[in-house]
Amino acid sequence: CRSLNTQLSMARLSERHGQSDQARSIYEAVLKTDPNNQMAHHRLGVMAAKESNLAQAESHFRRAAELGAPTPELLNDIGYTLYLQDRLQEAEQSFRQAIEREPQNLQAHNNLGLVLGEMGRTEESLAEFKIAGKEAEAYRNLGYALSQAGNVAAAEQYFNKALTLDPTQRQAAEALLQLAEMKSVV
């Protein structure tokens, strides 16, 4: 068990240092020894999702969820992978489960805000973004979600609101420039 924990720690460290091939090899070695290792499946799922291999990610996440009570982090990662596949209602459910298990999970609140925004549930989305961060960031994030959903006019309003609250919101300013460029091309 100590050896497996050491291996898992080394794999996480490799991930943090951007050494994904090394991390993957270690996680796979852990699974050869312990095919039911929830963390190894979870982390391999995260790595696959980052590489846009969503089917493989989903397979590892499903296996990790079967191996024990899903952690809030696992539920959040599952939700984000569902979001990337435009499976918004399933993603919402997964983020809500993560928040139910850990109400202070800011990443899950932020991701839930993203999904709700894309679903057009603006007020709910903004409330989640406000839990996850500062007010100006919440408006910027809502602007992003609405722009992803194709609601450019509303997105511009929220990006402007973010800049009004915090003129240093560089991402909101850049988003407004990108939206303006898109309009000039069309």
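Might you check whether a residue that is farther than 22 Å from Asn105 by Cα and of a type in the set (Val, Ile, Thr) occurs anywhere in the range 60-83? No. Taken over the range 101-117, the residue count meeting the criterion of being under 18 Å from Gly133 (Cβ atoms), touching a residue at least 24 places away in the same chain (Cβ under 8 Å) and open to solvent by 10 Å² or more (accessible area, probe 1.4 Å) is 7.
Counting only residues that are of a type outside the set (Gly, Ala, Ser) and either in a loop (DSSP other than H, G, I, E, B) or open to solvent by less than 20 Å² (accessible area, probe 1.4 Å) (or both), the range 47-71 holds 7 of them.
A Cβ distance below 7 Å, combined with a sequence gap of six or more or placement on separate chains, defines the contacts here; from the range 89-100, residues that are under 13 Å from Leu74 (Cβ atoms) reach residues that are open to solvent by 30 Å² or more (accessible area, probe 1.4 Å) in the pairs Ser94/Ile78. I need the full set of residues from the range 150-165 which are surrounded by fewer than 18 Cβ atoms within 10 Å (Cβ to Cβ) and under 21 Å from the mean Cα position of the chain (by Cα), in order please. Across the range 150-165, the qualifying residue is only Gly150.
Taking only the range 87-123 into account, find how many residues are closer than 20 Å to Thr71 by Cβ, in a helix (DSSP H, G or I) and not aromatic (Phe, Trp, Tyr). Adding up the residues that qualify gives 19.
The values are calculated or read from the model by the stated rules, or taken from the named source; none is laboratory data. For clarity, every value in this text was computed on a predicted model and none was experimentally measured. FYI the Cβ positions are ideal-geometry reconstructions off the backbone, even for glycines, and counts take in every protein chain you see. Just so you know, the surface numbers come from the protein's heavy atoms only, side chains and all, with ligands and any DNA or RNA stripped out. Shrake-Rupley method; radii C 1.70, N 1.55, O 1.52, S 1.80 Å.
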